[in-house]
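The values are calculated or read from the model by the stated rules, or taken from the named source; none is laboratory data. Since this is a predicted model, take the numbers as computed values, not measurements. All Cβ positions, even for glycine, are placed from backbone atoms using ideal geometry, and neighbour counts span all protein chains on display.
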Amino acid sequence: MKKSNFYLALSLGVITFSLVWLFLVFYSIQGGFGEPRNTPRTIPFFLGICLLILGVIFMVQYFLSYRPKSQMDPFRLVEFRNVVICIISFLIYSYALEAVGFLISTPLIIFFLTRFILKEKSWKLNYLFPIVMTGSIYIIFIYLLQSSLPRGTIIQLF
Amino acid sequence: MEDVLIALYQVLVPEVLIAISIGSVIGIVFGAIPGLTYSMALALILPFTFVMESVLGISLLLSVYIGGMTGGSVSAILIGVPGTPSSAATVIDGFALAKKGQASIALGTAVIVSTIGGLLSLVIMVILVDFISKFAIRFGPAEIFMLVLFGFSTICGLSEKNLFRSLVAGILGLMLMTIGLDDIEGIQRFTFGNVNMLQGVNLLVAMIGLFAIPHILEVFHKKMNNEENIAYDVGIVKTKLPGWDILKKYSGLMLRCTGLGTVIGSIPGSGGPIAAFLAYAHAKNSEKDPKEKAKYGHGHLGGVIAPETANNAVTGGAMVPLLSLGIPGDPATAIILGGFLIHGLIPGPMLFIENAPIIYSVYFAIFISYIAVFVFQVFSIKYLVKILNIKPEHLAVAIFIMVVVGAFTLRNSFFDVYVMLIMGLVGYFFNRIQLPVTPIVLGMVLGETLESNYRTAMFLSGGSYKIFFSSIACVLFFSLILLTIGLQIQKRIQDVKIQKLRKANG
């Protein structure tokens, strides 16, 4: 992304976000008692205004061609795809953790990540690492810290 | 005296000593591996401390912090890549010494001066914390509001290159803290009818996401894109401690750099990198012998001593505003503050009255941590550096499992896991568009104090803003805020002038 486009995108993003925020301040927070300068809306409103001002400053920077110290790599489709794949894998793990518990979901996700995302060919990494990692965390949390790990809602039915 | 003895008794138990040892090793390892940070290590360790006793948990966090600060020098010297931003200045002469075959003495010197700098700053910290907390005990809500506002202005102004972008991030952090139930009237804000949202965005969950997930995504993306994540093979490494003559020769420099590091560390938002580079510049400029001065940048021991003393002295300095005022100076102390909060301890002047042994335990834990880090760095460095051989993507998988489990165990809530992932995605996006994430964390840490004190002060004054200028402390903090903003504007103007000059010169 060119420097100038970056500042335009940043300013538009910040302004849009602050306007949505200010809309929500008035439509999703009930007005409380007390002075008008001292309600549950006061600080969120003030923050929204500050952000709006900053968005305007970025816009001014864009139009005045003053764009300090910004040189970022452009977003590429492949990066977007990779990040989305990772996030979906993480979400699947979180759902699996909730449904079938730590002991089943963790070795499976580690196997999936090492074998299919990282494309590791070593059997130690693909099979031993998931078991050792899962076992270590289980021992640390359950026996050493006496904490709890997700047991899985489906597993608990049986 | 009784409180000191209680604290000593609490710290000198095997569990705490073992925790400090483990924490020191984790800190050194995370500090030494480029790409991993001790802030990330602290965020990962934090959920473990949830089930621990307060002294045990806080000691573990402190030892990770100290180990991380010291460990950064290992990779800086051995491979020329700073393990932490604080050790970036050490690369200049440390790596040059390693290339000359003097890595062992550079490592040994870094270890011993780090310990000396850290311990001396601990002494200064004890004196300053006591003094400031006695002063701060008289603060009312208006003073605290102005103080937090000042802290916020310094953090956003000093910590990052671009003031406005830092401010955007800081304000987003403050915004996140307004989600959930309003503290004073119990009114729902931005909850959209979701019961889970009532408790708001958990600070610790957000920190885990912001620090760990972007790194994991970055490493995975590189690997998926067939780019090589670098693992380092450093061969056989030893630590050789410098002789008494060297320490005596540089004792003045060490003392000055300790003072510099402690003062800079105590200013919220400044931290290790600034202290280290200033100390390096000071060491070079204060060298009177032209021949010696010319050696800086090409492998001079003073170039290792100055930054390493200063960046470790920052740890003591950074604890001053944290313990005396409850204001963290950097992400690491923000996470340590989180450690205090999950044990129901609120740092600030009241902690000295309500829980003095905890404060003394912190002092002892820092002392023991420095000793532990010293011992591990001297005697087991050759084993610890082996971790540099591990491929980053394999570490990333392990870290991912740890962060998910850690986020869950904080409150046994899957909602927190999803929040952590969302915050991680935000962190990644921010990194990519060069918006700093540190002000988000600091905004979240300071947000609650800022709002609750603003609202209490406004209740007390009947809605008049005059209360914020009603005492000397308020006016002082307000003047400091104006000064900070003024300095930033001056810097911006200078930047514009420099840019115009560069353009004019082609």
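Given the residues A:T106, A:T114, which is the only one that is at the interface with chain B (Cβ under 7 Å from one of its Cβ atoms) and farther than 23 Å from B:S413 by Cβ? Walk me through it before giving the result.
Details: A:T106 fails: farther than 23 Å from B:S413 by Cβ.
Just a single option satisfies the conditions, and that option is A:T114.
Take the residues in region B:448-490 that are closer than 24 Å to B:P328 by Cβ and without any contact (Cβ under 8 Å) to a residue 24 or more places away in the chain; name whichever of them is nearest to the other protein chains (Cβ to nearest Cβ).
B:L482
Which ones in region B:403-425 are among the β-branched types (V, I, T), under 16 Å from B:M40 (Cβ atoms) and more than 7 Å from chain A (Cβ to nearest Cβ)?
Residue satisfying the conditions is B:V403 alone.
Checking B:L435 against (1) more than 11 Å from chain A (Cβ to nearest Cβ); (2) under 20 Å from the mean Cα position of the chain (by Cα), which test does it fail?
Against the list (1) more than 11 Å from chain A (Cβ to nearest Cβ); (2) under 20 Å from the mean Cα position of the chain (by Cα), B:L435 comes up short only on (1).
Can B:G72 be described as within 18 Å of the chain's Cα centre (by Cα), part of a helix (DSSP H, G or I) and in contact (Cβ under 8 Å) with a residue 12 or more places away in the chain?
So B:G72 passes the test.
Can you say whether A:I142 is at the interface with chain B (Cβ under 8 Å from one of its Cβ atoms), at pLDDT below 90 and part of a helix (DSSP H, G or I), as far as the supplied structure shows? Reasoning before the result, please.
Working: at the interface with chain B (Cβ under 8 Å from one of its Cβ atoms): no; at pLDDT below 90: yes; part of a helix (DSSP H, G or I): yes.
In short, no.
Kindly indicate whether any position in region A:87-105 is surrounded by 15 or more Cβ atoms within 10 Å (Cβ to Cβ), in a loop (DSSP other than H, G, I, E, B) and touching an Asp or Glu at 6+ places or on another chain (Cβ under 6 Å). Explain how you work it out, then say what you get.
Pass one, region A:87-105, residues surrounded by 15 or more Cβ atoms within 10 Å (Cβ to Cβ): A:87, A:89-90, A:93-94, A:96-98, A:100-105.
Remaining after also requiring in a loop (DSSP other than H, G, I, E, B): A:101.
Within this subset, residues satisfying the condition of being touching an Asp or Glu at 6+ places or on another chain (Cβ under 6 Å) are none.
Within region A:87-105, not a single residue is surrounded by 15 or more Cβ atoms within 10 Å (Cβ to Cβ), in a loop (DSSP other than H, G, I, E, B) and touching an Asp or Glu at 6+ places or on another chain (Cβ under 6 Å).
Listed here are the residues, each with its yes/no results for (1) within 12 Å of chain A (Cβ to nearest Cβ); (2) of a type in the set (D, E, K, R); (3) out of contact with any Cys (no Cβ under 8 Å at 6 or more places or on another chain); (4) in contact (Cβ under 8 Å) with a residue 12 or more places away in the chain.
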site	(1), (2), (3), (4)
B:L120	no, no, yes, yes
B:L147	no, no, yes, yes
B:L176	yes, no, yes, yes
B:D182	yes, yes, yes, no
B:G186	yes, no, yes, no
B:F192	yes, no, yes, no
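Can you name the residue in region B:1-51 that is modelled with pLDDT of 85 or more and not in a helix (DSSP H, G or I) and, of all such residues, is surrounded by the fewest Cβ atoms within 10 Å (Cβ to Cβ)?
Here the residue is B:L12.
What number of residues within region A:118-139 are at the interface with another protein chain (Cβ under 7 Å from one of its Cβ atoms) and modelled with pLDDT of 85 or more?
Number of matching residues: 2.
Which one of the conditions (1) basic (K, R); (2) within 30 Å of B:I371 (Cα to Cα); (3) buried (at least 24 other Cβ atoms within 10 Å of the Cβ) does B:R165 fail to meet, given that it meets all the rest?
(2)
Restricting to region B:292-318, what's the tally of residues that are more than 21 Å from the chain's Cα centre (by Cα) and under 19 Å from B:G252 (Cβ atoms)?
First pass over region B:292-318, keeping only residues more than 21 Å from the chain's Cα centre (by Cα): B:292-303.
Going one step further and asking which of them are under 19 Å from B:G252 (Cβ atoms), we end up with B:292-293, B:295-296, B:300-303.
Of the residues in that region, 8 qualify.
Which condition from (1) part of a helix (DSSP H, G or I); (2) more than 22 Å from B:L62 (Cα to Cα) is the one that B:M444 breaks?
In the conditions (1) part of a helix (DSSP H, G or I); (2) more than 22 Å from B:L62 (Cα to Cα), B:M444 misses (2) alone.
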